[in-house]
Amino acid sequence: MKTIRLVFGRIFTYFSENKLIFILYTLGSIVCIFMMIYYYGNILSYKNGSTDDDISFRIYRADFTVPVNMTKSSLDKLHDFEQEYGIQDISLISVISADGEDDMDFTETHPAFYLNFSDSKKTMIIETSLNEDTKGKSEDITVKGNKLQAVKNSDSYCISAEKYFSLGLRTCRIKICLSQKFSKNMMFRYGDFLNRVFREMYPESDIEVKTPANFYGIEDSDIMKDFTLIMAVFVVSMISFMFLLKYIMDSARYENSVFMMVGASKKHILLMNAFENIVITTFCTALAIILHISLYRSVFSKVNMYENIIYNFEDYMIISLMSIGLSFLIQIPFIFVYWSNNIRKIREG
């Protein structure tokens, strides 16, 4: 308790004897923290939402080694997972012979082979979308003796869902597009959910569920790079203001000599200096965050590179820990250099 009172008393002395330097250091620290908050919100992809609209993060796929008979009622089970998220669209894909008569046999070859490397002379890929209309120039095709119109894409023919079900086509792949991107944890949960549901509905087929996990891995790598960049910018900015802190510490040389004369150890005074710096940094961080929250709508939101960036309590806690931790790490070499250069002068008073 005595040490805490002593630390706050020394900080007040720093302010009263070096008002201009102390204010410059405080303002500099606040500006650096503003920069960290800005980069945190505008650079990190999961904050600025730059991947939220990327369809690659919302597509889930299941391949069936034995084509299955899908019905609208069986697909209703896919809506049982996290109702608030919703499904934007479901696509069903079938592979039939080029003459449009027979479903393909996948007993020896995985269906992905036909879907990804289809030979148009041997097979015909039929696709339907349950929730979205197919647009494009149509042409006539024959499927199981029925002539119908289909929109030709690069490797498939798109028909209406009504026609798809009425023809009794068997599905070898289903693609599900969610209406919004899941968190990483929810993404894995949804993949497990699809695997379980399809195995229960179609035990006769082996099933391979594909999630967008690889895209999340790339995003995680980008986030780590972004965090490193943010910390580097903050460190470089703060180093310039550490010389002001060193100047303030120099002014306490006489007071430190008095402490050593009355029996205080060098280690104790070093810890006291470190605690002083943590208190000052915490004060600057808290002040910067309070100002940012108070002025966000009127000032800071106007300079964002992206719209609708929202900072919550967790974000401010992460920023606080980063700024306090990095500031303390930056201050350590300054403290040791200060003591190594001034220990003899301190002893001499």
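The values are calculated or read from the model by the stated rules, or taken from the named source; none is laboratory data. Source: prediction; values computed, not measured. Counting neighbours? That spans all protein chains shown, and the Cβs are built from the backbone with ideal geometry, glycine included. Only protein heavy atoms, including side chains, enter the accessible area calculation; ligands, DNA and RNA are left aside. Shrake-Rupley method; radii C 1.70, N 1.55, O 1.52, S 1.80 Å.
If you check every pair at least six apart or on different chains, which have Cβ atoms under 7 Å apart with a residue in region 55-75 that is open to solvent by 10 Å² or more (accessible area, probe 1.4 Å) first and a residue that is among the acidic types (Asp, Glu) and in a loop (DSSP other than H, G, I, E, B) second? Pairs found: 65/206; 66/204.
Please find, among 208, 200, the residue that is over 27 Å from the mean Cα position of the chain (by Cα), open to solvent by 40 Å² or more (accessible area, probe 1.4 Å) and not basic (Lys, Arg). So that I can check it myself, show each step before the final result.
Working: 208 fails: over 27 Å from the mean Cα position of the chain (by Cα).
After ruling out the rest, the residue left standing is 200.
Residues being polar (S, T, N, Q) and either at pLDDT 85 or above or open to solvent by 80 Å² or more (accessible area, probe 1.4 Å) (or both): count how many of those fall in region 1-25.
Adding up the residues that qualify gives 0.
Checked against (1) surrounded by 14 or more Cβ atoms within 10 Å (Cβ to Cβ); (2) modelled with pLDDT of 80 or more, residue 103 passes all but a single condition, namely (2).
Looking only at residues that are open to solvent by less than 50 Å² (accessible area, probe 1.4 Å), at pLDDT 80 or above and not hydrophobic (A, V, I, L, M, F, W, C) in region 312-336, which one is nearest to residue 25 (Cα to Cα)? Step by step, filter region 312-336, then rank; the result is 323. When residue 118 is tested against the conditions (1) at pLDDT below 75; (2) open to solvent by 50 Å² or more (accessible area, probe 1.4 Å), the lone failure is (2).
Which one of these is at pLDDT below 75, under 28 Å from residue 55 (Cα atoms) and either among the small types (Gly, Ala, Ser) or open to solvent by less than 20 Å² (accessible area, probe 1.4 Å) (or both): 112, 98? Quick ask: steps written out before the conclusion?
On the way: 98 fails: under 28 Å from residue 55 (Cα atoms).
Of the residues listed, the single one that is at pLDDT below 75, under 28 Å from residue 55 (Cα atoms) and either among the small types (Gly, Ala, Ser) or open to solvent by less than 20 Å² (accessible area, probe 1.4 Å) (or both) is 112.
If you go through region 135-168 and pick out every residue that is out of contact with any helix residue (DSSP H, G or I) (no Cβ under 9 Å at 6 or more places or on another chain) and either within 25 Å of residue 86 (Cβ to Cβ) or crowded, with 16+ Cβ neighbours inside 10 Å (or both), you end up with 10.
If you check residue 193 against the conditions, is it surrounded by 14 or more Cβ atoms within 10 Å (Cβ to Cβ) and part of a helix (DSSP H, G or I)? Criteria met by residue 193.
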